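Below: the structure, in structure tokens.
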Amino acid sequence: MKKTLVWTLTFIIFGFSVLTSGVFAADFPDVPQNHLNYDAISSLTEKGVIAGYEDFTFRPEREITRTEFCALMARTLGYDKDTYVLKDIPFGDVAEDYWGRAYISFCFEKGLINGMEEGVFAPADKVTVAQATKMAVCAVGKGDEALRVNGEKWYSGYMSLAADMGFLASVTQKADENAARSNVAQIVYNMLLSGSLGENEKGDSFDENKKDDVLDETPEETTREELSDEELSEIERVFAEKDFSDVKVILVDAGHNYQGKDIGAENLDYDIREEEITWRIADKLRKHLEAMGYQVVMTRKKMTDSIANSSALDSLQARVDLAHTSFADLFISIHCNIGNGVGTGTETYCFQLGGYSARLAALVQDKISESTGLYDRGVKTANFFVTKNTIMPSILIETGFMDNDNDMKILATEDGQEKIAEAIADAVWDYDMMEPLQIDVAEEEDNDEEA
Ligand SMILES: [Zn+2]
């Protein structure tokens, strides 16, 4: 448990180093506005993730090396050269003084790469579409899931999951081909657009999908207040003694903010935003839980509330902090999914299987799919910020897909939201009635280290 806390406390807010390019896609004569990948290239260029050349061209057809792609991914995921500490990497062919060593180290540390074979990274080899796709899938925490998909090629699982998540839209090359700059930009851009990184670690500069203009007023910025050393040691002390099978206080997190950073997905047809749906479900859940005698702490008390909305990461950390300072016994985060029009159903996430979080996730998943009829996508694990950094049992529910009409009939209606809320409350009750888990303490600490 102590280790989990340390993780939370030492979490570094990623800075973001902008390349001094100043050359925007609008200026690239070889990327006209009707270029298939124009949006991707112009967005990533503006963010400083990928740059043009000295002669003001972008060279969309040019292939890039595996190291160059690592650099691109590292910048996307918040790599900061001023604060990043090099790790040992197991690749004999990456020299100590190689220009891209830090990027490779960063991506290795994040679990995005594991090399070609024992000890070989092949830094100067061209990156293929499949390799780039694999890294994007791993970046959103779906690497393990991809490995479980059966397929002919090593990359079958990655490609099929990536397609599901919309990462391959407007990508014109095949998996085995060396990827062109236009296509790697598109894959990374799609990954950001998909919102799959939303709950994960990423650079602060990414607020794609963030619909500041939905509200015709400037969002009021709120920042996170850091916990004091006294608060932290009190948290550590209280949680060290907790019996997590006994529930009194429940943190209910209505996913995302109403204004500013950490805004969720949107369905224009229904004219509804994720943060509205998540709050409506959360508030209904609060009523049920309170009626059962539980104490509920809400991250957003009103629908229009925003928490530490000056950055997405601050917003997520503030939710984790609130759970800790309220000494919550359970953490329940409510979200809606988005899947490029092809995804459907409900899924519940925990950080790892085998513990209290997974126990709660399984109950919630069963109850929601049973009562709403939403397709049962099962319990899954992922590195979502809030489930990874909370000490208490915690889950994140992707209740349904906002870009699926069937799912929206549940998500966007009072009746559907009520069913989901009631199902979650029932699951909490059942959880509370169960016997404590028999957990070998030593074993649990090992798991923490792996994570
Ligand atoms: Zn969400």
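The values are calculated or read from the model by the stated rules, or taken from the named source; none is laboratory data. All values reported here derive from a predicted model rather than from experimental measurement. Neighbour counts are summed over all protein chains in view; Cβ atoms, including those assigned to glycine, are modelled from backbone coordinates with ideal geometry. Heavy atoms of the whole protein, side chains included, go into the accessibility calculation; ligands, DNA and RNA do not. Shrake-Rupley method; radii C 1.70, N 1.55, O 1.52, S 1.80 Å.
Among Lys47/Lys301; Lys110/Lys367; Lys81/Lys142, which pairs are too far apart, with a Cα-Cα distance over 28 Å? Violating the 28 Å limit, Cα to Cα: Lys47/Lys301; Lys110/Lys367. Across region 348-423, the convex hull enclosing all Cα atoms gives 88 Å³ per residue. The apolar share of the surface of the chain, taken as the fraction of accessible area on carbon and sulfur atoms (1.4 Å probe, ligands and nucleic acids excluded), comes to 47 percent. Report D for region 17-193 in µm² per second (integer): Stokes-Einstein, Kirkwood Rh on Cα pairs, 4 °C, 1.567 mPa s. Answer, rounded: 79 µm²/s.
Highest average first, the peptides 226-234, 420-428 ordered by how many other beta carbon atoms sit within 10 Å of their residues are 420-428, 226-234. One Cα centroid belongs to region 113-153, the other to region 260-286; the line between them spans 34 Å. If R0 is taken as 41 Å, the Cβ-Cβ distance between Glu370 and Glu61 corresponds to a FRET efficiency of 0.20. Ranked by the mean number of other Cβ atoms within 10 Å per residue, highest first, peptides 283-289, 317-323 order as 317-323, 283-289. Projection of the Cα convex hull of the chain, averaged over all directions and equal to a quarter of that hull's surface, yields 22.0 nm². Of the cross-linked pairs Lys248/Lys287; Lys302/Lys380; Lys153/Lys174; Lys287/Lys380; Lys242/Lys419, those separated by over 21 Å at the C-alpha level are Lys302/Lys380; Lys287/Lys380; Lys242/Lys419.
What the Cα convex hull of region 215-292 gives, in volume per residue, is 141 Å³. With the simple model of a label 7 Å out from the Cα in the direction of the Cβ, Glu96 to Ala163 spans 4.7 nm. The length gained on full extension between Ala291 and Asp415, counted as 0.36 nm times the residue separation minus their Cα-Cα distance, comes to 42.8 nm. For region 209-450, just say rounded, prolate or oblate: build the C-alpha gyration tensor, square-root its eigenvalues into a ≥ b ≥ c, call rounded for a/c under 1.5, and beyond that prolate if a/b exceeds b/c, oblate if not. Here region 209-450 falls in the oblate category.
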